[in-house]
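Below is one structure, written out as C-alpha cells; the observations come after it.
The values are calculated or read from the model by the stated rules, or taken from the named source; none is laboratory data. As the structure is a computational prediction, the values presented were derived from the model and not from experiment. Heads up, the Cβs are rebuilt from the backbone with ideal geometry, glycines too, and the neighbour counts pull from every protein chain shown. Note: areas computed on protein heavy atoms with side chains; ligands, DNA, RNA excluded. Shrake-Rupley method; radii C 1.70, N 1.55, O 1.52, S 1.80 Å.
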Amino acid sequence: MRNNFLTIILFCLCIGCKRDPYLNMGQKAYKDTVFTNYFKRSTGWVAGDGAYSTPLNNGQSLWAFGDSYINSYDAATQSVPCLFDARSSLLLINTVNPSVQNTVQGNNPGSNSYFIPDNGNNWVWPGPGYQNGDTIYVFVNKLGQNVPDSPTIAKIMLPGYTFNSYYPLPYKNGINFNYSIIRDSDYYYVYGTKSNGFGNDLFAARYPANNIYGTWQYYGGNGWGTDINSITRIWDEFTSSFYVFKLKSDYVLITTEFSVGCNQGKNIYVATGPNPNGPFINQHPIWQVDDTLNGDWPVFYIANPHPEFDNGHNELLITYCINAYGSCFNTCFNGRMDSNTYRPRAIRVPYKAIDPSL
C-alpha cells in the first residue's frame, strides 16, 4: 500500500513537471551570495543602483551605477549617510576573479559623480554600453533643466577610463533608447521605452556596428526602415525595467514587476524570442525577491544580465536593485542607514529556467 502511495505521488509530480517545464528539478534560480557580497565594499564605491555592466577586451567589466555612495561607509556602524553623494559612478570588476575591483575616479571637481553635468542643474544616469577600439560608448539619461528630449551617448576613452564628451542623438520621437544593447552580426540593436499612460512601450532600433553616428533603422512591425514615425512597439508592460540580451540562440527579455513602494512587485520575469525584435513569448517568473525586512518587501527594480560572468554551469548572472523599504520600515536613523538596503543583489538563473530547450 505504501509503495502504491509513493508511486501515485511521483506520478503526480511528473505530470506537474510536464505541464510546467520551468519547474523541473535543478532548474530554479538561487541567490548568488558570493557575488552579492562583492558589493559589500568599504572604500570607493560602497553602494548604489543601476548596475549596468559592459564587458571589455582586457578581461574587465565596467559597471555603471546611478545614484551612489563614494567613500562614505562607516565600518563601526556598517552604514552610509541617508542621502547619496554621487549621481553616477563606475566600478571595474575582473571577470575571472570578481573580488578584484577598482572604483574609476572621474574628473569632476567638487563632485563624487563620474559623469560631468553640462550645467549645475543637470545630472547624468548611465545605462548600458559597449567597447569599440579605445572608446567605450555608454547610453545615458541627462536629467534636470534645459535637457534636450533625445538620447545621449557618453564617450569614455581607454586606457585611462577618461570621460571624453557627450553626443546627443537626433530626436527619437520621445523614445528613450537607454535600456539595453546587443551586438548581432553587422548591427548594434538598442532598445528604448516610451510611456503609454499605463506602463511603457518597448521599441527596437539598430545601427551599423562600426558607426554609431550612421543611419539608424527602426523596427516597424513588418521590417526595418529609416523612418522613426513607422516604429512599432515590440512589447508593453506596466513596469519601467526592461533589458533585452542574447543567450545562445535566444533573445531574452527581462522585466520586473512594478515596484515604487514596499510590498508591491516581487517578481522578475523573462520571455524569449527568435529575433532581436521578438516576438517575445512564454513570459514567466524566474525569481521572487526574498530580501524581506520584518516581513516586508523592499522597493526593487532594474534586473540586468551579466553574461560575461560565466560560472561554467549554464547559469546566468542577473543583478537587481533594492531601494530601502518605503513607508513600511524606516531605514534612516540619526542621518545614517544600513548600506545593504541600497546595494544590488545577485542571482544565478539556469539557462533551462529561461528556456527548457537551452
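A few notes on this one:
- A single member of S150, S99 is at pLDDT 85 or above and surrounded by fewer than 19 Cβ atoms within 10 Å (Cβ to Cβ), and it is S99.
- Residues in the range 315-351 that are of a type in the set (A, V, I, L, M, F, W, C), out of contact with any Phe, Trp or Tyr (no Cβ under 7 Å at 6 or more places or on another chain), surrounded by fewer than 23 Cβ atoms within 10 Å (Cβ to Cβ) and under 16 Å from G265 (Cβ atoms): 1 in all.
- Selection count, the range 71-91, where residues are open to solvent by 10 Å² or more (accessible area, probe 1.4 Å) and assigned to a loop (DSSP other than H, G, I, E, B): 12
- Residues located in the range 225-245, provided they are over 24 Å from Q283 (Cβ atoms) and surrounded by 17 or more Cβ atoms within 10 Å (Cβ to Cβ): I228
Conditions tested, residue by residue: (1) part of a strand (DSSP E or B); (2) at pLDDT 95 or above.
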residue: W287; (1), (2): yes, yes
residue: D291; (1), (2): no, yes
residue: I302; (1), (2): yes, yes
residue: D310; (1), (2): no, yes
residue: L316; (1), (2): yes, yes
residue: C321; (1), (2): yes, yes
residue: S327; (1), (2): no, no
residue: M337; (1), (2): yes, yes
residue: T341; (1), (2): no, yes
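- Among the residues making up the range 249-259, those that are open to solvent by 30 Å² or more (accessible area, probe 1.4 Å) and under 19 Å from the mean Cα position of the chain (by Cα) are E257, F258.
- Flag if P356 is over 21 Å from K266 (Cβ atoms), open to solvent by 10 Å² or more (accessible area, probe 1.4 Å) and within 14 Å of the chain's Cα centre (by Cα): no
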